[in-house]
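Asker: One structure is given below, represented as structure tokens, and several questions about it will come after.
The values are calculated or read from the model by the stated rules, or taken from the named source; none is laboratory data. A quick note: this is a predicted structure, and the numbers were derived from the prediction, not measured. FYI the Cβ positions are ideal-geometry reconstructions off the backbone, even for glycines, and counts take in every protein chain you see. Quick note on the areas: whole protein, heavy atoms, side chains included, nothing else; ligands and nucleic acids left out. Shrake-Rupley method; radii C 1.70, N 1.55, O 1.52, S 1.80 Å.
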Amino acid sequence: MVEYLGFARFQNHQPDLKRWIPTVLLSHKTLFTALCFIGFASVVIWQRSIGDGLGLFFGAPLSPCSSRHPVAFNLTDFGGVGDGVTLNTKAFESAIKAIAKNRGGQLNVQAGVWLTAPFNLTSHMTLFLEEGAIIRGIEDEKYWTLMPPLASYGSGREHPGPRYGSLIHGQHLKNVTITGHNGTIDGQGKSWWIKYRQKLLNHTRGPLVQIMWSSNIRISNITLMNPPFWTLHPFDCKNVTITNVTILAPLFDAPNTDGIDPDSCENVVIEDCYISVGDDAIAIKSGWDQYGIRYGRPSSNILIRNLVVQSMVSAGISIGSEMSGGVSNVRVENIHVWNSKRAVRIKTSVGRGGYVRNISYRNLTFDNCRVGIIIKTDYNEHPDDNYDRKAFPILEDFTFDGVHGQNVRVPVRLHGSEDIPVKNISFRDMSIGISYKKKHIFQCSYVEGRVIGTIFPAPCDNLDQYDEQGQLVKAAISPNITDIDYSF
């Protein structure tokens with residue numbers, strides 16, 4: 001049995017739950033409708049406060065919180081058997097075909113273990129997992145569909161040529177909901193991880209759930225676990241809402257098991273989730289080097305809030321490193337990162353091109369993290385050797401307001417370079433308890449920006465320092481000072 005170290009700790013300390021999880025996550029289902037209304041109102045207020053640069057957050061009005069369709073089908077009506085042994089692929093396909101013929105409907109998956117190969121969703125449908133329902137992916141990769149590589153990633157992410165599709169897949173869809181009473185989608189990823197490490201796979205592994213070129217997607221009230229590769233991958237989608245989702249993978253030896261990866265997506269809300277995985281809990285992406293530049297689809301207008309996340313291998317909230325189509329207008333707030341290698345990270349390199357701009361972080365808590373805030377500009381992984389050595393990404397307009405924590409080794413590491421400087425970054429209301437008493441724990445290189453008020457630890461000399469009234473207290477010595485130390 002796979003042991004989830006972080007989640008076990010989470011469960012075994014019931015008196016501390018309110019300390020770890022925002023109160024919204026502890027609410028009962030009877031409050032869900034009220035929370036949806038509050039969440040929608042908050043988004044509207046935020047839209048108006050951001051200004052003209054953000055524009056209308058959703059291109060169309062949000063649908064009501066209820067995702068129920070007037071016509072419902074049960075998987076058992078199509079020969080489904082939830083015994084954990086019978087293969088139910090044909091039952092899923094037949095049920096979804098009936099929904100498509102009906103031009104919409106809901107597929108109910110009752111309590112039980114429903115073994116299946118990958119299957120495709122259709123438009124105007126709800127996949128509803130009842131309490132105790134587990135959709136479990138078959139381990140044998142010969143059942144997994146091969147698909148063309150993503151155009152924004154070149155010839156292949158791990159291997160050139162075709163890639164494995166996802167367990168639950170959809171393309172060119174509208175109005176799709178995956179929800180339930182906390183049912184589970186289990187990718188049985190362990191066999192994939194072992195084969196990957198032993199170099200026994202000939203194709204790039206597939207995500208657990210992947211929705212592509214689609215709009216009005218809602219995923220809520222379910223558990224996703226053990227993906228072969230990334231867990232939840234919306235690709236080139238608009239109007240995506242992910243709320244009250246638990247995502248689990250082992251903290252170690254589960255390679256590339258990112259939690260949620262919005263990729264070239266527009267208008268995304270991720271809220272009220274618990275994520276503990278073997279790679280980035282969230283990673284915003286938009287394509288890889290020259291292929292992402294050519295595809296040209298940015299990720300923009302993304303709100304991430306009210307999360308508890310853990311990653312012992314990578315970071316809690318990441319942008320990149322595949323960001324060649326650009327990433328902008330991202331707001332991250334009310335995030336608790338615990339027992340993690342890194343808390344929040346932006347990663348890129350020469351050859352990426354694109355931009356990361358207008359990113360705001362507010363009310364972050366770091367608990368027992370090796371590095372708190374990191375910007376890394378030498379993340380030198382490339383799809384091939386044909387990337388443009390003069391494609392320098394633009395990094396500008398970052399705000400950090402309300403950052404607190406304890407037991408953090410390096411609170412800030414901003415590693416810009418002469419070719420990729422970090423511009424217009426600001427810090428306010430920051431106090432992070434340190435675990436390693438060295439002088440250089442606010443590290444900077446080629447960084448330009450400001451600090452407002454008093455923060456701890458003391459900022460680097462690259463930044464101007466202002467008081468709370470906006471008066472300059474101490475001017476930066478130079479934005480080009482380099483003081484980066486990876487030895488601790």
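Asker: What shape does the stretch 188-347 take by its C-alpha gyration tensor, where a ≥ b ≥ c are the square roots of the eigenvalues and a/c under 1.5 counts as rounded, a/b above b/c as prolate, and the rest as oblate?
Answerer: Because its axes are fairly even, with a/c under 1.5, the stretch 188-347 counts as rounded.
Asker: In addition: Over the stretch 227-298, average the accessible area per residue using a 1.4 Å probe and give it in Å², no decimals.
Answerer: 20
Asker: Would you please give the residues with an amide H less than 5 Å from that of L201, counting only those at least 5 places away or on a separate chain, with H modeled from the backbone geometry?
Answerer: Under 5 Å from the amide H of L201: no residue qualifies.
Asker: Moving on to the next point. With every protein chain left in place and a probe of 1.4 Å, what is the accessible surface of H181, to the nearest 10 Å²?
Answerer: 80
Asker: Same structure, new question: Can you find, among G453, P160, V344, the residue farthest towards the positive end of the dipole of the chain? Put +1 on the C-beta of Lys and Arg, -1 on that of Asp and Glu.
Answerer: P160
Asker: Please check the chain for the longest run free of trypsin sites (Lys or Arg not before Pro) that are loop-located per DSSP (anything but H, G, I, E, B) and have at most 13 other Cβ atoms within 10 Å.
Answerer: 200-388
Asker: Do any chymotrypsin sites (Phe, Trp or Tyr not before Pro) in the stretch 234-320 lie in a loop, going by DSSP, with at most 11 other beta-carbon atoms within 10 Å of their beta carbon, and if so which?
Answerer: F252
Asker: Same structure again: Output wanted: per-residue J couplings in Hz (rounded whole) for the stretch 345-361, from phi through Karplus 6.51 cos²θ - 1.76 cosθ + 1.60, θ = phi - 60°, x for Gly and Pro.
Answerer: My calculation for the stretch 345-361 gives 9, 10, 10, 7, 6, 4, x, 6, x, x, 7, 10, 8, 6, 10, 10, 10 Hz in order.
Asker: Amide H neighbours of V356 under 5 Å, at least 5 residues apart or on other chains, H built in the peptide plane: list them.
Answerer: Under 5 Å from the amide H of V356: V327, I394, L395, E396.
Asker: Tell me the per residue accessible area of the stretch 332-488 using a 1.4 Å probe; a whole number in Å² is fine.
Answerer: I get 44 Å² per residue for this part.
Asker: What ranking of T365, T223, T454 comes out by heavy-atom accessible area, probe 1.4 Å, highest first?
Answerer: So, going from the largest accessible area down, we get T454, T365, T223.
Asker: Once amide H atoms are built 1.01 Å from N in the peptide plane, which residues 5 or more positions from I247, or in another chain, come under 5 Å H to H?
Answerer: L224, Y274, I275, S276
Asker: What is the chain by shape, rounded, prolate or oblate, if you read a ≥ b ≥ c off the alpha carbon gyration tensor as root eigenvalues and call it rounded for a/c under 1.5, prolate for a/b larger than b/c, and oblate otherwise?
Answerer: Judged from the Cα gyration tensor, the chain comes out prolate (a/c at least 1.5, a/b above b/c).
Asker: Strictly over 28 Å apart at the Cα level, which of K199/K285; K90/K174; K423/K474; K97/K195; K190/K238; K101/K190 would you flag in this model?
Answerer: K97/K195; K190/K238; K101/K190
Asker: Ignoring ligands, DNA and RNA, what percent of the 1.4 Å accessible area of the chain is carbon and sulfur?
Answerer: 51
Asker: Now, a different point. With the Cα gyration tensor of the stretch 204-246 giving a ≥ b ≥ c as the square roots of its eigenvalues, does the rule (a/c under 1.5 for rounded; else a/b larger than b/c for prolate; else oblate) give rounded, prolate or oblate?
Answerer: oblate
Asker: Residue-wise, which Karplus ³J(HN,Hα) couplings in Hz belong to the stretch 159-176, taking 6.51 cos²θ - 1.76 cosθ + 1.60, θ = phi - 60°, and x for glycine or proline?
Answerer: Working through the residues one at a time gives 9, x, x, x, 10, 6, x, 8, 4, 10, 10, x, 9, 6, 10, 9, 6, 10 Hz.
Asker: Per residue of the chain, what 222 nm ellipticity follows from adding -39500 (n - 2.57) for every DSSP H run with n ≥ 4, rounded to the nearest 500?
Answerer: When only DSSP H runs of four or more count, the value is -3500 deg cm²/dmol.
Asker: Right, something else. Starting at the first residue of the stretch 390-404, write each ³J(HN,Hα) from the Karplus equation 6.51 cos²θ - 1.76 cosθ + 1.60 with θ = phi - 60°, in whole Hz, x for Gly and Pro.
Answerer: Ordered by residue, 3J(HN,Hα) equals 10, 8, 9, x, 9, 10, 7, 6, 10, 10, 10, 9, x, 10, 9 Hz.
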